[in-house]
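Quick notes on the structure that follows.
Any read-out appearing in this document is the output of simple, stated calculations on the displayed coordinates, not a laboratory observation. Being a predicted model, the structure only gives us computed values, none of them experimental. Reconstructed Cβ throughout: ideal geometry from the backbone, glycine too, with neighbour counts over all protein chains shown.
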Amino acid sequence: MRSITQLDLQYAHRFYGFKGEAQYLHGHTGVLTIEVEGSVNAGVNMVFPCNEIQKTAWEILKNFDHALVLREDDPLLPAILDVYEKQGIKDGSPNNTMKGPAFKTELATAYPDCRLVVTKETMTVEGMIKIVYDLLKYSLQGTTQGRYLTGGVPPVRFSM
């Protein structure tokens, strides 16, 4: 059995070094599907409460929503940060309230105050799924599991 939830994410990015249309800065609305597979827990009659999956995932993934996602070697990155500095928004703004905690992994670093995520690889759908999996693989088994699940770690799948 599976518990499934979806999150909508809107973000801007580009494929630096690509020779097609995607080399230009452009935006997407992506639907991220998260599936947690396992045995049904009799106490809640589901594998994992979908609202808990959504809350746990959104706490981290809201850093991607309405964010600019650039590869770490993209020459646009220093230019963007320079403009943000000149505007006085590089370190945040009172209007920037939809942000999650900063994070740094081998694949990506989030700078929530300036709505920026810097990635090691070009953020294709496959790249996004790798980043999301890396960020959430333990979150969906941590404290939430202790409240709702017993036994081993449930398999988690992501798709966009």
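So the values come out like this:
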item	result
Gaussian network model of the chain, springs between alpha carbon atoms under 10 Å - residue of Gln23, Gln54, Gln87 with greatest fluctuation	Gln87
Leading residue at positive end of dipole, the chain (Cβ point charges), from His26, Ile53, Gln10	Ile53
The chain - charge dipole about Cα centre, Lys and Arg +1 at Cβ, Asp and Glu -1, debye rounded to 20	220 debye
Mean Kyte hydropathy of 1.0 or more with a Cα span along the axis of at least 15 Å, helices from DSSP in the chain	125-136
Virtual spin-label span in nm between Glu85 and Met1, 7 Å along Cα→Cβ	5.5 nm
Karplus (6.51, -1.76, 1.60) ³J(HN,Hα), θ = phi - 60°, over segment 8-25, in Hz, Gly and Pro reported as x	9, 10, 10, 8, 10, 7, 8, 9, 5, x, 7, 9, x, 4, 6, 6, 8, 4
Overall dimensions of the chain by Cα: Rg and Dmax, Å	17.3, 56
Candidates Gly30, Gly88, Gly100: whichever shows maximal mean-square fluctuation once the chain is modelled as a Gaussian network with Cα springs under 10 Å	Gly88
Distance-filtered residues of segment 5-41 - backbone nitrogen under 15 Å, label point 7 angstrom along Asp73 Cα→Cβ	15-19
